[in-house]
Amino acid sequence: MNVDPATSNALAEQPRKGHPKGLYVLFATEFWERFSYYGMRAIFVLFMTDKLLFDKAYASNIYGSYTGLVYLTPLIGGYMADRYWGNRKSIFVGGTLMAIGQFTLFACANLPSGSGVATTILWTGLALLIFGNGFFKPNISTMVGQLYPEGDNSKKDAAYTIFYMGINAGAFLSPLICGYLGENVDFKWGFFAAGVGMVISLVIFYFTKDKYVVSHTGEPLGTHANKLKDVSISESGKTGFSSTQLVVIIASIAAAISLIYFVLKVDFWGSFIYGMTLCLPFAIITDRSLTKVEKSRLSVIIIIMLFVIFFWMCFEQAGASLTFFANEQTNRHVFGWEMPASWFQSFNPIFIVIMAPIFATLWGKLGKKGVEPPAPMKQAMGLGFLALGFLFISFGTPANLTVQVSIIWLTGLYFLHTVGELFLSPIGLSMVNKLTPGRFTSLMMGIWFMAIATGNKLAGTMSSLYPDPKATGPKPVFLGITIDSLHTYFMIFVAFAGVAAVILFLLSFKLRKMMHGIK
């Protein structure tokens, strides 16, 4: 799209009372992409245990590896966008791969239960979804921030909260449709519906991007690699990594993966995810083009990533252990009708859709008054609400694992977790966009998602410790604690999230200074 200078100047001079139309294009694109992702996720562990006949522990570990890798590959997609393709091409390539991946799972579900061929096709579909998400996720998140001029930070926070509504509106609808089709008709139709959702996302983005996804001056966004803009040079006049630095980075990653795999005995994909997450964030801040202030701001992102890992490790029990809890330990009868277990995964997103506008308005008003809490403090509050959610459900868990409990316990947990998510996740996306130099934005967004990758992988590991009432072997043990009840299991998450919340809150005052004026 070409914009003449007169039009560009007119657009730049217009008052920005509301949000640009491009935000709602990205909102709709993300809505259908998340419909696809969460529709598949809603039935994934049930598909593996009921159709492929995997046991809960094995299915949980696959779930953790899949959701972990989904958030690790954005590093590749962010790098490709920053250096070669730009955001638009990366989004379209990623969306296409994900659509093919969903239809591959549809083919997998058409095969007989327990089929070895079905398992092979499952891996193929998951690989397509993993790499597709890697190209899609960091780039569409980055483009939200690019719609606004530099310094418009309060509006960016509000914009990311609105964008987050798109994510969760899709996440709300998908379990209702894909979950119902998967549990009550056939799993294959749940995956098919998820594939259709991804196709709709691609169509919306392709036909509206040129007209609406533009900067505040009217220039098209995401058409070129980000390396072409905002190129600063260090005092030494050098940019990038030296040959020695590259060797050290690669060797460090290889050593970390090997140590985790051979010494700590973590599975290969877990070792890969943890090793990359451990080394790459620190590699970025050794880039010689970074100024002292830029390094300080990036250090804030890296420090907060450690706490984000704990948040997602606990929060992502929704797709694994909490799905088992909904399926087996929760009385799902409502006026004589039994609600599908997968529908509980719609509770969190509908709470998001309801409360996101309230939070967006709140941040805007507090920002105008100059009393808005800094991002690290907001995120500490998010971890606190996460801990409260698990504390709430721990009171309602039955001593006898064969007894079912009221729907109120899961509902209360999801409500408290939703409040925590609104304090942490959209604020994190906005923080990365604001603190990162423009030439690194997509890449750093990919690194931010690495923390989510690690949290998701750990979520699968923790879900494998779920006290299965059907298991006949020894009780699972974690850090010397025998998990012989659901109360004990959920209190472990209370401890993780609660301690992380307190530490991050205390650190937030120092981190605010390291942000050098950016909130």
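On the given criteria, is Met491 touching a residue at least 40 places away in the same chain (Cβ under 8 Å) and more than 29 Å from Leu69 (Cβ to Cβ)?
Numbers: touching a residue at least 40 places away in the same chain (Cβ under 8 Å): yes; more than 29 Å from Leu69 (Cβ to Cβ): yes.
So Met491 fits the description; yes.
Taken as a whole, the structure leaves Ile358 outside the set of residues that are part of a helix (DSSP H, G or I) and surrounded by 15 or more Cβ atoms within 10 Å (Cβ to Cβ). Being buried (at least 18 other Cβ atoms within 10 Å of the Cβ), touching a residue at least 24 places away in the same chain (Cβ under 8 Å) and not in a helix (DSSP H, G or I) is true of Glu372.
For region 294-328, the tally of residues that are modelled with pLDDT of 95 or more and farther than 30 Å from Ile284 by Cβ stands at 0.
Restricting attention to region 281-300, the residues that are touching a residue at least 60 places away in the same chain (Cβ under 8 Å) and either within 15 Å of the chain's Cα centre (by Cα) or assigned to a helix (DSSP H, G or I) (or both) add up to 9. Screening Phe395 against (1) under 20 Å from Phe449 (Cα atoms); (2) surrounded by fewer than 16 Cβ atoms within 10 Å (Cβ to Cβ); (3) not acidic (Asp, Glu) leaves a single unmet condition, (1).
If we scan region 408-425, do we find a residue that is in contact with a Gly (Cβ under 7 Å, 6 or more places away or on another chain), more than 28 Å from Glu328 (Cβ to Cβ) and not assigned by TED's automatic domain parsing to the domain that holds Tyr274? Yes: region 408-425 contains one or more residues that are in contact with a Gly (Cβ under 7 Å, 6 or more places away or on another chain), more than 28 Å from Glu328 (Cβ to Cβ) and not assigned by TED's automatic domain parsing to the domain that holds Tyr274. Scan region 144-155 residue by residue and report those that are assigned to a helix (DSSP H, G or I) and modelled with pLDDT of 75 or more. Listed by number, the residues that qualify are Val144, Gly145, Gln146, Lys155. Considering only residues that are buried (at least 18 other Cβ atoms within 10 Å of the Cβ) and not in a helix (DSSP H, G or I), look in region 301-338 and name the one that is farthest from the chain's Cα centre (by Cα). For region 301-338, the residue satisfying everything is Thr330. The residue pairs whose first member lies in region 498-519 and is on the phi > 0 side of the Ramachandran plot and assigned to a helix (DSSP H, G or I), whose second member is surrounded by 13 or more Cβ atoms within 10 Å (Cβ to Cβ) and modelled with pLDDT of 95 or more, and whose beta carbons are closer than 8 Å, counting only pairs six or more residues apart or on different chains, do not exist in this structure. Can you find a residue that is at pLDDT 95 or above and either farther than 21 Å from Tyr79 by Cα or in a helix (DSSP H, G or I) (or both) anywhere in region 237-254? For region 237-254, residues at pLDDT 95 or above and either farther than 21 Å from Tyr79 by Cα or in a helix (DSSP H, G or I) (or both): absent. Got at least one residue in region 27-34 being farther than 19 Å from Tyr160 by Cβ, in contact (Cβ under 8 Å) with a residue 12 or more places away in the chain and surrounded by fewer than 23 Cβ atoms within 10 Å (Cβ to Cβ)? No, the conditions are met nowhere in region 27-34.
The values are calculated or read from the model by the stated rules, or taken from the named source; none is laboratory data. In this text, all values refer to a predicted model and were calculated from it rather than measured experimentally. Every residue, glycine among them, receives a Cβ derived from its backbone with ideal geometry; neighbour counts consider all protein chains shown.
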